[in-house]
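A.B. asks: The following block contains the structure, expressed as structure tokens.
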Amino acid sequence: MNSMFRKIIAAKNENTKLDDFSLALLRVFIGLTMAFSHGLGKMPPPEQLIGGVEAMGFPMPVFFAWAAALAEFAGGILLAIGLLTRPAAAFVMVTMATAFFIVHAADPFQNKEMALLYLFASLFFVIHGAGRWSVDHFIARQK
């Protein structure tokens, strides 16, 4: 049994390219689905979104509606390409926390589950960063 664990650990150390690929794949999928499934329809923010932001009690509802729409659309695109990944993911995370804890607070769990999934995926990228297959990594190597 001990040799099996050694093989697993050795294989893990040899799979850095696979790790880089899988991280990039996850980042691109999360970013593009956020941008095009959730953010694009909010650009520019429709009156319904602005009214919803106002109903939640946010000051400057037009500003915060734009902030939410841009976090989802532009933040998703930035996340997908791995540019300004941590700040972009942080904006997505705050927007999804607002969606989960405020907008959909009274909804059944299955209606707010997607917001929670995006919240935790964004939290992962805030903590971990974009990985080696990203614009952030390319820029950091050029310095």
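Nothing in this text is a laboratory measurement; each read-out follows from the coordinates by a stated rule. All values derive from a computational prediction rather than experimental measurement. In this analysis, Cβ positions are derived from the backbone assuming ideal geometry, glycine residues included, and neighbour counts consider all displayed protein chains.
A.B. asks: So what's the back-of-envelope 222 nm ellipticity for the chain, counting only DSSP H runs of four-plus at -39500 (n - 2.57) apiece and dividing by all residues, rounded to 500?
C.D. replies: It lands at -23500 deg cm²/dmol.
A.B. asks: For the chain, what D do you get in µm² per second when you plug the Kirkwood radius from alpha-carbon pairs into Stokes-Einstein at 10 °C and 1.306 mPa s?
C.D. replies: Value of D from the Cα-based Kirkwood radius: 97 µm²/s.
A.B. asks: Further, regarding this structure: Angle between the Cα long axis of helix 85-98 and the longest principal axis of the chain, 0 to 90 degrees, nearest 10?
C.D. replies: Value to nearest ten degrees: 50.
A.B. asks: Work out from phi, with θ = phi - 60° and the Karplus expression 6.51 cos²θ - 1.76 cosθ + 1.60, the ³J(HN,Hα) of each residue of region 62-76, listed in order in whole Hz, and give x for Gly and Pro.
C.D. replies: So the J values, rounded to whole Hz, are 5, 4, 6, 5, 4, 4, 5, 5, 5, 4, 6, 7, 5, x, x.
A.B. asks: Still on this structure: Which whole-Hz ³J(HN,Hα) couplings does region 125-140 yield from phi under the Karplus relation 6.51 cos²θ - 1.76 cosθ + 1.60, θ = phi - 60°, glycine and proline marked x?
C.D. replies: For region 125-140, the Karplus curve yields 6, 5, 6, 8, x, 7, x, 6, 9, 8, 5, 3, 5, 4, 5, 4 Hz.
A.B. asks: Based on other C-beta atoms within 10 Å, arrange Glu47, Glu72 from fewest to most.
C.D. replies: Glu47, Glu72
A.B. asks: Next up: In which sequence would Ile102, Ile81, Ile127 go, from the one with the fewest C-beta neighbours within 10 Å to the one with the most?
C.D. replies: With the fewest neighbours first, Ile102, Ile81, Ile127 line up as Ile127, Ile102, Ile81.
A.B. asks: Ok, one more. For helix 2-14, report the angle its Cα long axis makes with the longest principal axis of the Cα atoms of the chain; keep it between 0 and 90° and round to the nearest 10°.
C.D. replies: 60
A.B. asks: How many angstrom separate the Cα center of region 79-112 from the Cα center of region 51-75?
C.D. replies: A separation of 13 Å, based on Cα centres.
A.B. asks: Can you put Asp136, Asp20, Asp107 in order, fewest other beta carbons within 10 Å first?
C.D. replies: Asp107, Asp20, Asp136
A.B. asks: Give the long-range amide H neighbours of Met43: residues separated by 5 or more places, or on another chain, with amide H under 5 Å away, using H modelled in the peptide plane at 1.01 Å from N.
C.D. replies: none
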